[in-house]
Amino acid sequence: DQQVKQNSPSLSVQEGRISILNCDYTNSMFDYFLWYKKYPAEGPTFLISISSIKDKNEDGRFTVFLNKSAKHLSLHIVPSQPGDSAVYFCAASAGPIQGAQKLVFGQGTRLTINP
Amino acid sequence: NAGVTQTPKFRVLKTGQSMTLLCAQDMNHEYMYWYRQDPGMGLRLIHYSVGEGTTAKGEVPDGYNVSRLKKQNFLLGLESAAPSQTSVYFCASSEPTGHYSPLHFGNGTRLTVT
């Protein structure tokens, strides 16, 4: 049972345009959501997060939107740059266990930015 | 400051063999984790630790054991490897402050079991 789903395995966007990556979740106990970015042969790196008490969080070119009623979040990248080409993972947490983060990850979306 | 270091980077095992994956972090993080990544599955939590001398089961713990004898090290063991354990394994750590500290990942160990 996939609690966090990224239904688009891949996305191709032209440089300078907006990239929108989507993520759906089923567990209503999730209260914190994160996006990680992963380059080949490297580990995932943290990109941006949002608490369930907010509906938007912005950090430079990256904005995450949360729609709790639809159990949906999205990551917007504006403008898209060639260095943004990577696999993006959505992750969710139902709260820390003794302070530890038990994240549930989506399958990932491979974003390719074309010049 | 190397962050999270995993060794080895690659390994090929025969079915039934055993091995240990080593994870070391130099950030003085309290919490450490082992994930596996499989195509179409995302990352799944195997085991985690909330401090030196502690371990706990994650989502997919069967076939694995872990130990956290020192705060900076988290070992993942496969006692009798199976082809289903072919995967990329990622170790991560997180800070003791704040309830939602992001995880810091190593670069992974690619394991193939034949």
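What are the pairs with Cβ atoms under 8 angstrom where one residue, in region A:30-56, is more than 23 Å from B:GLY106 (Cα to Cα) and the other, located anywhere, is of a type in the set (Ser, Thr, Tyr) and modelled with pLDDT of 95 or more? Sequence gap at least six, or different chains.
Within 8 Å, the pairs are A:LYS56/A:THR63.
Restricted to region A:93-103, and to residues that are surrounded by 16 or more Cβ atoms within 10 Å (Cβ to Cβ) and among the polar types (S, T, N, Q), which residue is farthest from the chain's Cα centre (by Cα)?
The selected residue is A:GLN101.
Of the numbered conditions (1) hydrophobic (A, V, I, L, M, F, W, C); (2) touching a residue at least 40 places away in the same chain (Cβ under 8 Å); (3) assigned to a strand (DSSP E or B), B:LEU45 fails exactly one; give the number of that condition.
Just one mismatch for B:LEU45, condition (2).
Can you tell me which residue within region A:67-92, out of those that are under 14 Å from the mean Cα position of the chain (by Cα), more than 14 Å from every other protein chain (Cβ to nearest Cβ) and among the aliphatic types (A, V, I, L, M), is farthest from A:PHE33 (Cα to Cα)?
Among them, the one singled out is A:ILE77.
Out of everything in region B:76-110 that is of a type in the set (A, V, I, L, M, F, W, C) and in contact with a Leu (Cβ under 6 Å, 6 or more places away or on another chain), what residue ends up being nearest to the other protein chains (Cβ to nearest Cβ)?
Ranking the candidates gives B:ALA92 first.
Would you check which residues across region A:28-48 are buried (at least 18 other Cβ atoms within 10 Å of the Cβ) and not in a loop (DSSP other than H, G, I, E, B) and list them? Steps first, answer last, please.
Restricting attention to region A:28-48, the residues satisfying the condition of being buried (at least 18 other Cβ atoms within 10 Å of the Cβ) are A:30, A:32-38, A:43-44, A:47-48.
Matches in region A:28-48: A:TYR32, A:PHE33, A:LEU34, A:TRP35, A:TYR36, A:LYS37, A:LYS38, A:LEU47, A:ILE48.
The values are calculated or read from the model by the stated rules, or taken from the named source; none is laboratory data. This structure is a prediction, so every number in the text was calculated from the model and none was measured. Please note: Cβ atoms are built from the backbone with ideal geometry, for glycine as well, and neighbour counts cover all protein chains shown.
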